[in-house]
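Here's the structure we're looking at; comments come further down.
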Amino acid sequence: MTLKSAYFPVTEAENPRTSNLSSLSSLEIIGLMNDEDALVATAVRVVLPNIARAIDEIVERLRNSGRLFYIGTGTSGRLGVLDASECPPTFGVSADLVQAVIAGGYEACYRAVEASEDDVEAGARDLESRGFSSRDALVGIAASGRTPYTVGAVKHARHVGALAIALTCAPDSPITLAAEISIIPVVGPEVIAGSTRLKAGTAQKLVLNMLSTASMVRLGYVTGNRMTNVQTRNEKLRARAVRILMAETNLDHSGAITALDAASGDLRVALVVQKTGRSPAEAQAALAASRGVVQDAIDIMAAPGD
């Protein structure tokens, strides 16, 4: 079986429920789209156990100095870039911790570079250029499950001993045979046959949300449901940090602003200072030792002999 000929994914099938799409009104078209989209969350729910298993394995890698990589082409690759780029501002982690690799490079984020997806060796080369190793975790994202670039990357991850996860909407596809863990929300044929930016893309986005969010929560970068590691890069995020500081420490609005300013705008430092009574410099040192986890930094400073 080749990746191009024998295998026909369900994502390429025609949807009998939308066969008259081109003759419908705008309201009828979007009504059908909404009906189809309603199937996506149910499809994701079916595979929650596999998503949870993937998260547990990702967390284990990240706790042991590994990194999380997403790789894909086209829409799948762009969704990986989107999710990875949100991790530093939301969770205060290094941009190196969660990385996205897209066929054709970042230029492919804003224009199609379709030919690049047919190179079965290119995915492995792109991973190697980033020092990908056995310590790391890879999520190969391919709606059809047969993209040579992504399948090749997943095979490479498995070969070097890294965690290899497949995210696809096509059961029994080549990428599922290559991966250690497969996440397969089966959303069925698209409203427009083969347009996997629709239901398949929505399913992939939901799963990526879960993988990154739950992993960061498990690693300690969220307190309760608060972004206690949020980076205050603009006024909206600074206002959010002030609200979090007020809620976590019982400071009033003016006191929270003062505390945040004293920490040079770093919410993590402000929280540690307020909860331990120590200096910003001591808080920064504890945060460095705890890989930026606020509660772990507090625990370090509370330890006997500190």
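The values are calculated or read from the model by the stated rules, or taken from the named source; none is laboratory data. All values derive from a computational prediction rather than experimental measurement. We place every Cβ from the backbone using ideal geometry, glycine too, and count neighbours over all the protein chains shown. SASA here: full protein model, heavy atoms, side chains in, ligands and nucleic acids out. Shrake-Rupley method; radii C 1.70, N 1.55, O 1.52, S 1.80 Å.
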Karplus-derived HN-Hα couplings along the range 74-81 (A = 6.51, B = -1.76, C = 1.60, θ = phi - 60°), whole Hz, x at Gly and Pro: x, 4, 4, x, 5, 5, x, 4
Whole-number percent relative contact order across the chain, with pairs defined as alpha carbons under 8 Å at least 6 apart: 19
For the range 148-156, Karplus couplings with θ = phi - 60° (6.51, -1.76, 1.60), whole Hz, Gly/Pro x: x, 4, 6, 4, x, 5, 5, 4, 5
Total formal charge among the other residues, if their Cβ is under 13 angstrom from that of residue 121, Lys/Arg +1 and Asp/Glu -1: -3
Accessible surface of the chain [probe 1.4 Å, protein heavy atoms]: carbon and sulfur percent: 52
The range 196-268: equivalent-ellipsoid semi-axes (sqrt of 5 x gyration tensor eigenvalues, Cα, Å): 31, 13, 10
Long-range HN-HN contacts of residue 138 with modeled amide H, under 5 Å: 69, 163, 164, 165
Candidate aspartates and glutamates - alpha carbon under 14 Å from residue 275, same-chain residues fewer than 8 apart omitted: 248, 296, 299
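What is the percent of Cα-Cα separations in the range 62-189 that go past 27 Å?
On the way: 881 of 8128 pairs.
Of all Cα-Cα pairs in the range 62-189, 11 percent lie more than 27 Å apart.
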Convex hull volume of the range 216-306 per residue (C-alpha atoms, cubic angstrom): 92
Ordering of 127-133, 231-237 by burial proxy (mean other Cβ atoms within 10 Å per residue, highest first): 127-133, 231-237
Given charges at Cβ of Lys, Arg, Asp, Glu: the chain dipole, positive-most of 191, 265, 216: 265
The range 4-122 - percent relative contact order, Cα under 8 Å, separation 6 or more: 18
Sequence-distant residues sharing a close amide H with residue 92 (under 5 Å, placed H): 231
Distance histogram in 10 Å bins (all Cα pairs of the chain, percent per bin): 6, 25, 27, 21, 14, 6, 1, 0
Three semi-axes of the equivalent ellipsoid, the range 134-272, Cα gyration tensor, whole Å, largest first: 41, 18, 11
Surface accessible to a 1.4 Å probe, per residue, for the residues of the range 120-250, Å²: 38
Relative contact order of the range 192-306, defined on C-alpha pairs under 8 angstrom at six or more residues apart (%): 19
The range 35-94 and the range 234-251: distance between their alpha carbon centers, rounded to Å: 27
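State the antiparallel share, in %, of DSSP beta bridges confined to the chain, rounding to the nearest 5.
Around 5 percent of the beta bridges assigned by DSSP in the chain are antiparallel ones.
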